[in-house]
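The structure appears right after this line, and notes come after that.
Bear in mind that the values in this text are calculations on the coordinates, not laboratory data. Being a predicted model, the structure only gives us computed values, none of them experimental. Cβ sites come from the backbone with ideal geometry, for glycine too, and all protein chains shown count toward neighbours.
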Amino acid sequence: MSLRVLSVNLLKNNRNFIQNAVRNSKGPGVQALALAPYATQVTVQATPAAVQKQKVSKAMKAYLERAKEHDDFMKTQDLEFQIGKRHLANMMGADAETFTQEDIDEAIAYLFPSGLFDKRARPAMRSPEEVFPARKAAEFDETGRPFHSMFYTGKPNFFQLLHDIVEETNKLYDLEERMLRRGNKPDENQKLETAGFQLLPKDQLERVLVEHIADIEYQNFTNAMDRLISLPYSYKSKAFIERYLKPLIDQSKQLEVPKPKIDDQGRQYITTYECLRKTARADVTVRLPGTGKITINGQDISYFSSEECKEQLLFPLNYSEMLGKVDVEANVEGGGPSGQAGAIRWGIAMSLRSFVDQEMIESMRLAGLLTRDYRRRERKKYGQEGARRKYTWKKR
Amino acid sequence: MSMYPSHFAEPSLKKETNRSSASHIPVKAATNDLSDSIFYGELKNKLIKYITKKGNKSLARELLTETFETIKRTQIERLILAGTEKENIIIDSEQLLKNAIENARPLLQLSAIKRGGVKYQVPVPVTEKKSYFLAMKWLLDAAREKDRKVHLPEKLAWEILDAACGQGRVIKKKNDLHRQCESNRAYAHYRWS
């Protein structure tokens, strides 16, 4: 057991160590290299032919050294990971050969129960390829000349991407003009469908490019892509565009609708527990053939004195045209009136899903009834009067 | 500064059939002033928020309902007293409020721009949102400036009724502003140069 923990720790320690090593070894002769001093395992194995040659620049030499170091490091890490996995499998009484990452996560959650809130702070064991981000291959030859024409921008892959986008755009402009001259129109049937897609988020794009990009640079990327997609002939460069699109999850099918149960009076009912809004907490039961009776903590709708709260309760019922057809029972605690009303509203809407058709569920989703309102009170900040308000400014 | 990520859509109460494009977009939760009851009005909600003082929204709501009641009472009185022209009198107080705000909306505004050490009052077009805000603010300002004996709903009702037929202090204020913009038109180019 201790060995595995050790391996987890080792992963972290070694990572720091290698970063320090990289930092320290930046001498005056490796300035060109400082921009991208990393290599993947693959490149290191491919380079020895270059090492044989006489003329090897200092930058290349330093790079090769560092690459070899990284390579060795990754090898030891992988070895440790395999040993750790084997121990874990033995402890859990499973076969080490068929022990998957899921099993590892499960075993760690079982053997090291952690109450830490942030999931990233909990103990974990993952393969070193996942833990250590990918590094760039050699970007220059043995004489120190960079391969890429945009090497000195510092972010060659990113600027190459921008360049490619503009090239595609210009191509489409030309095409449009030629088609106009011929009197052709873009094909409506082939139009690019981007409704279910999203441009790659920044972190994913960074992983694709193996480069860190600034927010404004990501914005440049999105602007250029948006322009490309909006062109009438954008379907001609579909293959290029789709490389930078990510499919979105279909929201309407995300939540499973529970089957209603039958109570002793023969009525269908659904109970939704944990209806939360602000600091209020409720559980709501909706029964199907009903007369529109509403019970909140043993009282009727006059439990709420303000009109707005009463309206909130009736909102999902009225919207789904189930007002007067179902009975609602709710228990609420915590929070104020508006929070309690919001919690019950969400509970009613969630329960009503079992009694209405799919189209109505989608309507309710678009009306924002099925989204949990997770906004909370904003904290007061020091040096300020409240969350946002500043103290009155006085010169002296 | 919203809690929601930027790709979340605003909730909409329309029940349409063709929404294939919307099925992938997550929706923000409906706020607690949204409702599909027949008494719901977007403009009304905004005005309630402007009337509210120190977070006492229920009082603001009460005041607006009272205003609407007063408007309706006076309009019905007028309807009874009117002899022949009964069609011209609108009784729906929400419609009257809408008319009043539409009438009071400004097109231009003066903003001070400093050029060469001198501040110029430069006419600048007002955005739609801001124009609605200004119209409602002027209505409320006019209503709040009153004698001690007059209750806010009463005064607000008068102002709304006045503005709805294109008279009163609010409309005068709008016209004054427009006139000032007109007289300062010579400085209009300072907006971009």
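Going from the fewest other Cβ atoms within 10 Å to the most, the residues B:87, A:311 appear in the order B:87, A:311. Choose one answer from A:58, A:259, A:236: the residue with the largest mean-square fluctuation in a GNM of chain A with alpha-carbon springs under 10 Å. In this elastic network of chain A, the residue with the biggest mean-square fluctuation among A:58, A:259, A:236 is A:259. For the stretch A:59-197, the ratio of Cα radius of gyration to the globular rule of thumb 2.2 N^0.38 Å stands at 1.77.
Considering only A:144, A:115, A:290, the mean-square fluctuation computed in a Gaussian network model of chain A, springs between alpha carbons under 10 angstrom, is largest for A:115.
Put in line by how crowded their Cβ is, counting other Cβ atoms within 10 Å and starting with the fewest, B:118, A:257, A:356 read B:118, A:257, A:356.
Span-like helix check, chain B: qualifying full DSSP H segments, with Cα axial length of 20 Å or more and mean Kyte-Doolittle of -1.0 or more, are B:57-81, B:128-144. The alpha carbons of the stretch A:174-226 stretch over 45, 24, 17 Å along the principal axes, in descending order.
Sorting A:81-87, A:389-395 by average packing, meaning the other beta carbons within 10 Å per residue, from highest down gives A:81-87, A:389-395. Put a dot 7 Å past the Cα of residue B:154, heading toward its Cβ, do the same for residue A:204, and the two dots end up 6.4 nm apart.
Restricting the stretch A:164-207 to GluC sites (Glu not before Pro) that sit in a DSSP loop and have at most 14 other Cβ atoms within 10 Å of their own Cβ leaves A:188, A:193. Put a plus charge on the Cβ of each Lys and Arg, a minus charge on the Cβ of each Asp and Glu, and nothing anywhere else: the dipole of the protein assembly as shown about its Cα centre is then about 3080 debye. At what distance in angstrom do the alpha carbon centres of the stretch B:35-94 and the stretch A:337-385 lie from each other? The two parts, judged by their Cα centres, are 29 Å apart. The fraction of all Cα pairs in chain A landing in successive 10 Å bins from 0 to the largest distance is 4, 14, 15, 17, 21, 17, 9, 3, 1, 0, given as whole percents. Helices that extend 18 Å or more along their long axis by alpha-carbon positions and average at least 0.0 on the Kyte-Doolittle scale are, among the DSSP H runs of chain A, A:337-352. For the stretch A:151-248, the alpha-carbon radius of gyration amounts to 1.17 times the rule-of-thumb value 2.2 N^0.38 Å expected for a compact globular protein.
Please identify, among B:123, B:26, B:153, the residue showing maximal mean-square fluctuation in a Gaussian network model of chain B using a 10 angstrom Cα cutoff. Checking each option, the largest mean-square fluctuation is seen for B:26.
Placing one equal scatterer on every Cα of the stretch B:86-171 and applying the Debye formula, the log10 ratio I(q)/I(0) at q = 0.25 Å⁻¹ is -1.16. With the alpha-carbon atoms of chain B aligned to their principal axes, the span from lowest to highest coordinate is 58, 55, 37 Å, starting with the largest. When only alpha carbons are used to place a centre, the stretch A:219-298 and the stretch A:93-109 end up 33 Å from one another. Each of A:353, A:281 has some number of other Cβ atoms within 10 Å of its Cβ, and from fewest to most they run A:281, A:353.
Per-residue mean of foreign Cβ neighbours for B:5-13 is 3 (Cβ atoms of other chains, 10 Å radius).
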